[in-house]
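Nothing in this text is a laboratory measurement; each read-out follows from the coordinates by a stated rule. All values derive from a computational prediction rather than experimental measurement. Glycine also receives a Cβ, built like all others from the backbone with ideal geometry; neighbour counts cover every protein chain displayed.
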Amino acid sequence: MTTLLPQDQNDNPIPALRLKSGGAHNITVGASSTRNAAPFSTETRVVSLYTDAPVYIAFGNSSITATTSDHFFPAGIYYDVAIGGDHSAHYTHAAVLQVSSDGTLHISEKE
């Protein structure tokens with residue numbers, strides 16, 4: 001099967017994606033929901049997340065807001081999340097809300 005993934009010395013695909021040029025987003029985490037100002041590229045299917053403060057996070061369109069009912073994401077964890085695919089909706093934005101303290105959510109689009 002043909003793949004676009006990098007391959008090891010035995011020609012096995014390595015499940016790794018590159019950081020997308022121009023695809024870095026930083027969202028200030030605070031007591032009110034905030035989201036990325038620029039949308040994710042329509043070609044981006046995976047983003048990596050890292051935050052220095054625990055947050056509630058939600059993905060959606062340009063009007064998405066995060067609430068305390070959304071997914072909890074802990075501080076200090078680097079994690080990949082799918083934001084679209086062939087058979088699912090494509091998310092353009094992420095919204096975050098602080099759990100207990102201010103911080104920054106760093107998002108990297110992957111390709």
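Per-residue extension of 0.36 nm, minus the Cα-Cα distance of D86 and T104, leaves a gain of 3.4 nm for this segment. Computed from backbone phi with θ = phi - 60° and the Karplus coefficients 6.51, -1.76 and 1.60, the 3J(HN,Hα) list for the range 16-31 is 9, 10, 8, 6, 7, 4, x, x, 8, 10, 10, 10, 6, 9, x, 6 Hz; x is used for glycine and proline.
For the range 94-111, 3J(HN,Hα) computed residue by residue from phi via the Karplus equation (6.51, -1.76, 1.60; θ = phi - 60°) reads 10, 10, 9, 9, 5, 8, 9, 8, 5, x, 9, 9, 9, 10, 10, 6, 10, 9 Hz, glycine and proline entered as x.
Please give the FRET efficiency for S41 paired with F72, using the beta carbon to beta carbon distance and R0 = 25 Å, rounded to the nearest 0.05.
Numbers: r = 27 Å, r/R0 = 1.07.
Efficiency at R0 = 25 Å is approximately 0.40.
With the cut-off at 15 Å, report for the range 19-110 the share of all Cα pairs above it, as a whole percent. The answer is 54 percent, as a whole percent.
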